[in-house]
1. Have a look at region B:129-243 and give its Rg and Dmax from the Cα atoms, expressed in angstrom.
2. Once amide H atoms are built 1.01 Å from N in the peptide plane, which residues 5 or more positions from A:Val33, or in another chain, come under 5 Å H to H?
3. In a Gaussian network model over chain A where Cα atoms closer than 10 Å are linked, find which of A:Ser56, A:Ser103, A:Ser31 has the largest mean-square fluctuation.
4. Please work out the ratio of the alpha-carbon Rg of region A:19-100 to 2.2 N^0.38 Å and round it to two decimals.
5. Per-residue HN-Hα couplings for region B:20-30, Karplus 6.51 cos²θ - 1.76 cosθ + 1.60 at θ = phi - 60°, whole Hz, x for Gly and Pro?
6. For B:Lys321, give me every one of the lysines with a C-alpha distance below 28 angstrom, ignoring sequence neighbours fewer than eight places off in its own chain.
7. For chain B, just the Cα atoms, rotate onto the principal axes and tell me the three extents in Å, largest first.
8. Rounded to whole Hz and in sequence order, give me ³J(HN,Hα) for region B:254-268 from the Karplus expression 6.51 cos²θ - 1.76 cosθ + 1.60, θ = phi - 60°, writing x for Gly and Pro.
Amino acid sequence: MELLEAIILSVLAASTPLLLAATGELVTERSGVLNLGVEGMMIVGAACGFGGAWLSGSTTVGAICGIAAGTLLSLIFALMTLGLAVNQVATGLALTILGVGLSGLIGAGFVGERITPAPHLHIPGLTDIPLVGRILFGEDAFVYLSLALVIGVWLFLYRTRAGLVLRAAGDNHVSAHALGYPVLRIRLFAVMFGGACAGLGGAYLPLAYTPFFIPGMTAGRGWIALALVVFASWRPGRLVIGAYLFGAVTILQLHAQAFSLGIPSQFMSALPYLATVIVLVLISRARTGGSTAPAALGTVFVPDR
Amino acid sequence: MQLVLEKRAERSNIIALVSPLIAIGLTIVTMSILFAILGKNPISALGVYFIDPLTDSYSLQEIAVKAAPLVMIAIGLSLCYLANVWNIGAEGQFLIGAVAGSWLAVETHGTDAGPWVLPAMLLLAAAGGALYALIPAICRVRFGASEILTSLMLVYVADLFLDYLVRGPWRDPAGFNFPTTAEFDPVATMPILIQGGRLHLGAIIALVVVAAAAVLLGRTIKGFEIRVVGAAPRAARFGGFNSNQLVLLTFAISGALAGLAGIIEVAGPVGHLQPGFSPGYGFTAIIVAFLGRLNPVGILIAGLFLALTFIGGEQAQIAMKIPLDVTKVFQGILLFYVLACDSLILYRFRLIFPSRQVHRGTA
């Protein structure tokens, strides 16, 4: 039973960075912009988040540094794709290449250092309930924040006017523009939101998941987050299911390695990536009645006057 | 007054010609600032990066050695990008090619196998890379799965597979437990072109690939189809081109070239298979493809330039203690500038004055 509790706790922790980054990317893509630079924004968020927390001794400062770093990188992306009408796929790749280099440069000074991991909630009585107590009431702030963020995004997209306009910009930028909506400005904010979330998701890794920084510690999570958005068919609710499923695969393969079932550890480590490929194939195949992607996703928009 | 981007009536040939140069210039300016922030003298750092490697024969050969895989991979990628399909998993195809070719080298190690070994290794590597690249291509064509994500995911899988092989079944028994295969036999290594030097047959193969790509794109119907499918998908449909078949074809070619580059690297400068033998050639090649404007000759020049930054980066680390990650930052910034400058081929900036806008509105 305690093992089960430990497994669920670690699944939640492994899923949170994916959920944070994927939520941001979902909003970005819903506005019609495909930002493939999630991995780059996450890894720089991790380096800056750790740096901020290490220098200040505060997890909150670290988280803010991560958010700021992700947002700054997303601004470069926005300048390129929205300001200069550059191909979004190529720019996203450039952002990832740049991010990997930058994080190595920024993080070089912090490698080998340790910080106090983010504190976990403790409500006397509630947290002590056996089995469910720690799972429901004993998480770190990021876990709750990520779930609140998904609910917030869902409310925004489907229950507010601004959310409707954002979706309109993502489905048909020409019509949205003709109706007088500032398509590029909407997309700018969506891209920045995506950057902030990716930065926070990256910062979660050294702030709460493992209390130190290693170069390349995101290990493809940004790409998995991108796949999650596809898996979720661009709907926030399904994103939660997807993120926790992937977290579970990651953790289960770790536990399976510990039990050493005679399967080489590398094959187990490859599971999350193989699972992503298989899920993408299954999801894409199931969609026979046309795509659910935002119709204008990834296309360049230059308003004419 | 407002600064806006608008589409040019036709593409600007002048900008198309000078834009890579502008991009490189802007990158060098940005790098100087970065060097200054790191507390290094920008002038001497740039000298170490871009001038010193050009001054001795060893470094010049080393540039060609590093450019060969970059150019080969980038040529393959350019075919994909021209057809508007996004193979970003070249690094994985590079690794699988290296694995497929190394299999024969490991199997024949210590036997008296003849000179057929190396050509067979090259063939195996190309086949391995092509098959590995066909996985995302088939997922895309058959099931509509994004080739961007699947091809990238397979990079991690390839990396782990290589790691498993050299730590497990292929580990050199006499290797003191280091995760590496035995040193390849002479019949399984790339012949050196200059006695006592580093330059090997890979450079020639890369040149042949460039020439072949130039012919394919400029002189054949298939090359024409690839370009039309990418530039004008509707026209391609009306023309009856089979775009699915082109996705498979471009992926297979780029996978084969990446795989070939992989075995050339392993059987060339490295000499044995070990984890982490690639400094990320598969990703750097994406930059090479764009910097070379998806044109074979352009890619050759761009490959040499990026190889120069690898050598320069290593020398700067030794001579000035500049971290190696600066090279990656440099490459990332360069790609940004290249893409930004290329945008000005199709678009231009214009200042819009409010009065004119009103006039236009009433007209």
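Bear in mind these aren't lab numbers, they're just calculated from the coordinates by the rules spelled out. No experiment lies behind these values; they were computed from the predicted model shown. Heads up, the Cβs are rebuilt from the backbone with ideal geometry, glycines too, and the neighbour counts pull from every protein chain shown.
1. Rg and Dmax of region B:129-243, Cα atoms, are 20.8, 62 Å.
2. Under 5 Å from the amide H of A:Val33: A:Gly298.
3. Among A:Ser56, A:Ser103, A:Ser31, the largest GNM mean-square fluctuation belongs to A:Ser56.
4. After normalising by residue count via 2.2 N^0.38 Å, the value is 1.12.
5. These are the phi-based 3J(HN,Hα) values: x, 5, 4, 4, 5, x, 4, 5, 5, 4, 4 Hz.
6. Partners found: B:Lys40, B:Lys66.
7. Ordered largest first, chain B gives principal extents of 85, 58, 33 Å.
8. Values per residue, Gly and Pro as x: 5, x, 4, 5, 5, x, 4, 4, x, 6, 5, 5, 6, 7, x Hz.
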